[in-house]
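Report on the following structure.
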Amino acid sequence: MSAAHTVRAAAELTDSPQPARRRRPRKVREKYSWRESLAGYLFISPWLIGFLTFTVISMTWSLVLSFTDYNLATGRQTPVGFENYALVVEDPKVVTSLLNTFVFVVLSVPLELVLAMVLALLLNNVRRGSGLFRTLLYLPKMTPAVATAAVFLLLLNGNDGAINAVLEFFGLPGPQWLSDPDWVKPSIVVMGLWGVGGSMVLLLAALRNVPRELQEAAAVDGAGSAARFFRITVPMISPTVFFVVVVNTIAALQVFDQAYLLFYRDGNSNAPDAALFYGVYLFQQAFQQFNFGLAAAMAWLLFVIILGITAVQMLVGNRTVHYEGGR
Amino acid sequence: MATDVVSERIVTPASSAPRADSAQWAGPPRHRVAALAADVVQWTLLGAFSLLFLYPFVWLLSASLKPRGEIFDNRLIPLTVVWDNYVEVFNQLPLLSWMANSVVIALLSAGLMTISSSLVAFGFAYFRFPGKAWLFRLLLASMMLPGAVTLIPNYLIWRYLGWLGTSVPLWGAALFGSGFYIFLMRQFYLSLPKELFEAARVDGCSALGLFTRIAFPLALPASVIVFIFEFQASWNNFTGPLIYLNSTGVENFTVPLGIAHAMSVYSPTNGGHGDYQYVMVASLLVTLPMIAVFAFGQRYFVEGVASVGVKG
């Protein structure tokens, strides 16, 4: 059982901070009551056990898996060195799915931010009824992904879907959303935009936190509404904007549900390659082909990519984001 | 102070306030007209967006009432209304079992998650012990970990424990709390006055008693946020059931997995028999509880979401 691992790992984890304290002798050594410490550890023990099992052991196992060929039937792991990573890099489908995912991120993250911002500004400015509109605009976020996919499968239908009917009404030719490779990603972006409510509520909360006195003082000093928006509102809400961008990017890089439900739910092979996102391909390799070693290597590649992109965003963010009270 | 009063009236004018009252805060008539015009423009825009966002719901309702042949006819108002779809769906699909499974899993997840996250959060908020700051940083860092990395080994862990094909992997992880909820609850516990606990301690209250008698009851509003969030996450979860339940019998599915299954069976593009209206009925029925939850706990949702942003 994993209990033995857990206990051993728990001992290691709780011991390890002590050498760090010994290295800094000047710091006054805090006195801990052993009873209080014990109570504290007992209270946090559920998380400790879960963290060790489903994060520490899990990540270690995942790393080991990525260097092995795992036979699901026998449970035997044969070390294969970097072979899985070589396969990942050489696999044209990995390249395709990565490019698809990047295109999706570049399309969806900015569009969602702009739409969320427009809606949040409207809700913030309007003097009455913002509660009602906020509720209506947030409702799609409550809808299960499956229900969203089921109804958008109808709405996005290229021949007689409702969205194309509206486009036709305005004299625009409606695309074959679900079968034209060029329109597959926009169709998933459209589905995602329907759930813009989460980002919208975050931005709205940030807008409501901008002190009114600042705006009023600037107005008295003769700043126009555009100047007030870019000089006061934007810097004040920039930490939230940054947070929304980072979180949405991480989520978009792992996009799975919508693409799987629209194109891959019955494992048919005639799904357009344009809908093969990294998360979908990883799922196929892991749970349909049972190539756990290869899939683990793919997962680590994704992890490194996410870390890299987040790190770049942090670097840019540190230069551009304004933190109240400095940081 | 004076500006506060003014701005408060602007933001939240009492709905019963007579129009004449508005002249007091809106300044000269010219400004009042401009402000009203701005409102009308913004209402129109918000109204248009709201209609756009509600349209898929209306479509869902409409399609759920259509007969088999008319489901793809692209009419907003059904030519023939078939109320019987809502009865027939239970004969066509094991929807009742799916719902029971979903309810049990969501309640277990939400209940266990609320208790475990509260316990851990109280441990971090109240007690002093070696390595606390370090462990808490670890907890925050673990929130950033993408789920894809641990997906496969977690599957193998549940397999090793012999719980594949059961619903245990779908709620078992809730026993151990989760970073975001622990963070949220800890913030709340930190805001409680420490004297409260000291007084109870003097009276001989145990550590567990401090939690069950003082902290947890006082933190009930925050616990409701955790419960509602986790209930929604579990109810809407698709990937989990897909991985852990897909190889079992159809009657063991949750509603989302069942609907995905029904989409394959009834999708005409896949040689299915085109009874897509049942997919629509099931989709509507899986959405309704979430709308009810939102109507009941909207305040908690908005607070919970906003608290994430404040942290960010």
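If you check A:D266 against the conditions, is it more than 23 Å from B:F301 (Cα to Cα), among the charged types (D, E, K, R), at the interface with chain B (Cβ under 10 Å from one of its Cβ atoms) and more than 23 Å from the chain's Cα centre (by Cα)? Criteria met by A:D266.
Which numbered condition trips up A:D160, out of (1) over 25 Å from A:V201 (Cβ atoms); (2) facing chain B (nearest Cβ under 8 Å); (3) in contact (Cβ under 8 Å) with a residue 12 or more places away in the chain; (4) not polar (S, T, N, Q)? Answer for A:D160: the failing condition is (3).
Name the single residue, out of those in segment B:164-209 being farther than 24 Å from A:F43 by Cβ and within 13 Å of chain A (Cβ to nearest Cβ), that is modelled with the highest pLDDT. Among those residues, the one meeting the criterion is B:P169.
Do we find that B:M99 is among the hydrophobic types (A, V, I, L, M, F, W, C), modelled with pLDDT under 95 and under 21 Å from the mean Cα position of the chain (by Cα) in this structure? Explain how you work it out, then say what you get.
Numbers: among the hydrophobic types (A, V, I, L, M, F, W, C): yes; modelled with pLDDT under 95: no; under 21 Å from the mean Cα position of the chain (by Cα): yes.
Criteria not met by B:M99.
For segment B:193-208, the criterion of being under 24 Å from the mean Cα position of the chain (by Cα) and in the same structural domain as B:Q277 (by TED's automatic domain parsing) is satisfied by no residue at all. If I filter segment B:135-149 down to residues being touching a Leu at 6+ places or on another chain (Cβ under 9 Å) and in a helix (DSSP H, G or I), which single residue comes out as surrounded by the fewest Cβ atoms within 10 Å (Cβ to Cβ)? Ranking the qualifying residues of segment B:135-149, first place goes to B:L138. Note on segment A:42-79: among residues that are free of Cβ contacts under 8 Å to residues at least 60 places away in the same chain and among the hydroxyl-bearing types (S, T, Y), the one that is farthest from the other protein chains (Cβ to nearest Cβ) is A:T78. So, of the residues in segment A:291-309 that are out of contact with any Phe, Trp or Tyr (no Cβ under 9 Å at 6 or more places or on another chain) and surrounded by fewer than 24 Cβ atoms within 10 Å (Cβ to Cβ), which turns out to be nearest to B:I243 (Cα to Cα)? Looking at residues that are out of contact with any Phe, Trp or Tyr (no Cβ under 9 Å at 6 or more places or on another chain) and surrounded by fewer than 24 Cβ atoms within 10 Å (Cβ to Cβ), I get A:F303. Residues of segment B:155-205 that are of a type in the set (S, T, Y), in a helix (DSSP H, G or I) and surrounded by fewer than 17 Cβ atoms within 10 Å (Cβ to Cβ): B:Y160 alone. From the list A:N84, A:N71, the lone residue that is farther than 30 Å from B:D39 by Cα and out of contact with any helix residue (DSSP H, G or I) (no Cβ under 6 Å at 6 or more places or on another chain) is A:N71. Looking at this structure, is B:I259 aliphatic (A, V, I, L, M), assigned to a helix (DSSP H, G or I), within 14 Å of another protein chain (Cβ to nearest Cβ) and over 21 Å from A:K141 (Cβ atoms)? So B:I259 fails the test. Within segment B:65-112, restricting attention to residues that are among the basic types (K, R) and assigned to a loop (DSSP other than H, G, I, E, B), the residue that is surrounded by the fewest Cβ atoms within 10 Å (Cβ to Cβ) is B:R75. Only residues that are surrounded by 20 or more Cβ atoms within 10 Å (Cβ to Cβ) and either within 18 Å of the chain's Cα centre (by Cα) or more than 9 Å from every other protein chain (Cβ to nearest Cβ) (or both) were counted in segment A:275-290, giving 10.
Taking the criterion of being in contact (Cβ under 8 Å) with a residue 60 or more places away in the chain and either surrounded by fewer than 17 Cβ atoms within 10 Å (Cβ to Cβ) or among the charged types (D, E, K, R) (or both), the residues of segment A:91-106 that qualify are A:K93, A:T96, A:V103.
Does segment A:101-129 hold any residues that are more than 8 Å from every other protein chain (Cβ to nearest Cβ) and not aliphatic (A, V, I, L, M), and which are they?
Narrowing segment A:101-129 to residues more than 8 Å from every other protein chain (Cβ to nearest Cβ): A:101-118, A:120-121, A:124.
Matches in segment A:101-129: A:T101, A:F102, A:F104, A:S108, A:P110, A:E112, A:N124.
When segment B:210-256 is filtered for residues that are under 17 Å from the mean Cα position of the chain (by Cα) and within 9 Å of chain A (Cβ to nearest Cβ), the ones remaining, listed by number, are B:Q232, B:W235, B:N236, B:N237, B:F238, B:T239, B:V255, B:P256. Restricted to helices (runs of 4 or more DSSP H) entirely inside segment A:71-185, those with at least 3 residues that are within 21 Å of the chain's Cα centre (by Cα) and not polar (S, T, N, Q) are A:92-125, A:130-142, A:145-155. Looking at this structure, is A:A226 more than 17 Å from A:V109 (Cβ to Cβ), buried (at least 20 other Cβ atoms within 10 Å of the Cβ) and among the aliphatic types (A, V, I, L, M)? No, not satisfied. Taking the conditions (1) surrounded by fewer than 22 Cβ atoms within 10 Å (Cβ to Cβ); (2) more than 10 Å from every other protein chain (Cβ to nearest Cβ); (3) of a type outside the set (F, W, Y) in turn, A:P140 satisfies each one other than (2).
Residues in segment A:121-137 that are out of contact with any Leu (no Cβ under 6 Å at 6 or more places or on another chain) and of a type outside the set (A, V, I, L, M, F, W, C): A:N125, A:R127, A:R128, A:G129, A:G131, A:T135. Can you find a residue that is acidic (D, E), in a helix (DSSP H, G or I) and assigned by TED's automatic domain parsing to the domain that holds B:S283 anywhere in segment B:212-234? Yes, there is a match, as at least one residue in segment B:212-234 is acidic (D, E), in a helix (DSSP H, G or I) and assigned by TED's automatic domain parsing to the domain that holds B:S283. Per the conditions (1) surrounded by fewer than 17 Cβ atoms within 10 Å (Cβ to Cβ); (2) modelled with pLDDT of 95 or more, the sole criterion not satisfied by A:P79 is (2). Restricting attention to segment B:103-138, the residues that are within 10 Å of chain A (Cβ to nearest Cβ), in contact (Cβ under 8 Å) with a residue 12 or more places away in the chain and within 30 Å of B:V293 (Cβ to Cβ) add up to 10.
The values are calculated or read from the model by the stated rules, or taken from the named source; none is laboratory data. This structure is a prediction, so every number in the text was calculated from the model and none was measured. Note that we place each Cβ from the backbone using ideal geometry, even for glycine, and neighbour counts take in every protein chain shown.
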